[in-house]
Every structure is written in structure tokens, then in C-alpha cells.
1. For the stretch 1-85, what relative contact order do you get, as a whole percent, if you take Cα pairs closer than 8 Å and at least 6 residues apart?
2. Taking the Cα centre of the chain as origin and charging only Cβ (+1 Lys, Arg; -1 Asp, Glu), how large is the dipole, in debye to the nearest 20?
3. For the peptides 42-48, 210-216, what is the packing order when you average, over each peptide's residues, the other Cβ atoms within 10 Å and list the highest mean first?
4. For residue 91, project a label point 7 Å along Cα to C-beta. Then give me every residue of the stretch 1-39 with its amide nitrogen under 20 Å of that point.
5. How many percent of the alpha carbon pairs in the chain exceed a separation of 25 Å?
6. What ratio of Cα Rg to 2.2 N^0.38 Å holds for the stretch 56-173?
7. To make sure I understand the rule: partners must be lysines, Cα under 23 Å from the Cα of residue 54, and not fewer than 8 residues away in the same chain. Which ones qualify?
8. Roughly how much of residue 170 is accessible, in Å² to the nearest 10, using a 1.4 Å probe?
Amino acid sequence: MTVKDIIQNNTIWKPSFGEIEEAPLVSVLLPTFRRAQSGLFEQAVRSVCSQTLKNWELIIVDDASTDGTEEIIDLLMKSDARISCIRHINNIGLPAISEYEAYKIARGKYIAFLFDDVEWEKDALEKTISFMEENQCVASYGIARLKIDDTGEYDEIGKPGQFSNEELILTNAIANFTVVLKRDVIEDVGLYDPHLSLVRNCDWDLWTRVSKKYEIMATGIIFGTEKGYTLSDSLGNSY
């Protein structure tokens with residue numbers, strides 16, 4: 001079965017409420033599933049809306065949520081014309097496919113990735129795009145904070161210091177939501193592999209493929225905080 005077969009007749013496209021003819025600088029891809037009640041999903045979207053860099057579009061892919069996510073998305077779209085949505089009629093359960101659908105619609109020069117339990121720093125995109133353009137960088141990653149518990153403690157991954165290709169093969173040391181890729185890179189090496197064996201590691205697989213042809217540069221920029229990665233309903237912990 002191909003990806004085309006899986007998504008056929010299962011997608012409702014909900015374009016933004018505004019007419020924005022000029023292509024954005026950055027396209028943000030956000031898959032989500034049943035994160036409305038916790039408030040994490042809305043916080044994630046609002047962290048994009050509050051970015052100091054304004055030239056972006058956000059493409060949400062709702063994997064047939066039944067918890068009020070659709071209604072929240074409609075309200076968010078009405079409040080910001082840069083937001084659009086793809087909604088699945090039936091749950092697919094593979095974020096790699098959701099990301100692919102969003103990418104096919106994305107128009108940005110740069111592609112950024114977001115999880116539905118992540119809150120970006122307000123200047124994450126502005127600092128990262130400035131770094132990439134100043135350093136002629138086509139692929140970058142920043143520092144991620146991973147919330148451990150309600151005490152405010154967190155781990156950090158992607159700390160300053162360049163990972164070698166050998167290190168990337170041995171361990172997934174790059175947080176998905178801190179990565180920004182130039183569109184040309186994805187056009188060259190492809191996006192996430194949707195194979196079931198890579199359901200939790202499709203991002204790691206992508207970084208290793210990218211690193212074989214391009215340098216993935218460490219920016220040292222704190223990109224954001226993932227608040228629900230230890231929870232059972234995290235996209236990384238569920239199917």
C-alpha cells in the first residue's frame with residue numbers, strides 16, 4: 001500500500017480565511033491528535049502566532065481528533081489568516097504521513113516542524129533564520145527543553161556543539177521541533193519515511209539522510225520546550 005492509497009478520500013482541506021498571495025518565508029508543519037483538553041495544542045499554535053518573525057504560514061494536520069480539536073482550530077484560523085488545516089476523516093496514526101501532506105501544500109523557502117505539546121520561544125524563528133542566512137546554512141537545529149515533571153525541571157538536548165555524522169547514526173540527539181530545513185534539501189533527500197518500523201524514529205532517519213549530503217549546523221539557540229513528551233498521548237509515544 002502506498003501513501004497515496006492511505007490518504008485517498010480521507011482528507012478535508014480547510015484553507016486559511018485570508019488571501020495571502022506572497023509565499024511565506026517559513027512554513028510550519030504541525031500534526032496533532034486529541035490534545036485539545038490538555039490545552040497543549042492551543043499553546044503550541046499560539047507560540048507560533050506570537051513569533052517575532054511574522055512571515056510564516058502554519059499548516060495543521062488534525063488526524064481525526066474527537067475531543068474538540070477541530071473547533072479550536074476553526075477559532076484559531078479565524079483569528080489568524082496565516083493558519084490553514086488538513087483534517088483526516090479517519091485516523092491514520094502516522095505523523096510521517098501527516099507531515100508529508102502538509103509539506104505538499106507548504107509554500108515556504110524554509111520548513112520548520114512543531115509538535116502539539118511544544119511551546120516555542122518567541123524569537124526562535126527569527127534567530128534561526130538569521131543564523132541560517134548569515135552562515136549560508138541549509139539545515140540547522142537548536143536546543144530543546146524537555147519538561148520532566150510539574151516541578152519545573154527539564155532536560156536539554158541539542159546543546160551547543162556540532163554533532164558528527166557518526167554521532168547522529170548512534171543516537172538521535174536532535175529534537176524535531178528545533179530543526180529548520182531549506183526546502184531544496186527536502187526536495188533532494190525526501191521527507192519522513194512512513195514505514196511502520198520507523199514510526200517513532202522517522203525524524204532520526206531523516207537527519208541521518210540529510211547529514212550524508214549536507215551539514216546540519218548547530219545554532220545554539222534555545223528553540224522551545226516540549227511539555228508532554230513523557231505522557232502516554234504524546235505523538236512520539238502512541239500509534
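1. Relative contact order of the stretch 1-85: 41 percent.
2. Numbers: 24 positive and 39 negative charges, 72 e Å.
Roughly 340 debye for the chain.
3. Numbers: 42-48: 20.3, 210-216: 16.4.
Listed from highest to lowest mean packing, they are 42-48, 210-216.
4. Within reach of a label on residue 91, which here means backbone N under 20 Å from a point 7 Å along Cα→Cβ, the stretch 1-39 contributes 6-12, 30-39.
5. Details: 10530 of 28441 pairs.
More than 25 Å apart: 37 percent of the Cα pairs in the chain.
6. Values: Rg = 16.8 Å, N = 118, 2.2 N^0.38 = 13.5 Å.
For the stretch 56-173, the normalised Cα radius of gyration comes out at 1.24.
7. Partners found: 14, 78, 104, 109, 122, 127, 182.
8. 140
The values are calculated or read from the model by the stated rules, or taken from the named source; none is laboratory data. Since this is a predicted model, take the numbers as computed values, not measurements. Methodologically, a virtual Cβ is constructed for each residue, glycine included, from the backbone with ideal geometry; neighbour enumeration extends over all protein chains shown. Surface accessibility is based on the protein's heavy atoms, side chains included, excluding ligands, DNA and RNA. Shrake-Rupley method; radii C 1.70, N 1.55, O 1.52, S 1.80 Å.
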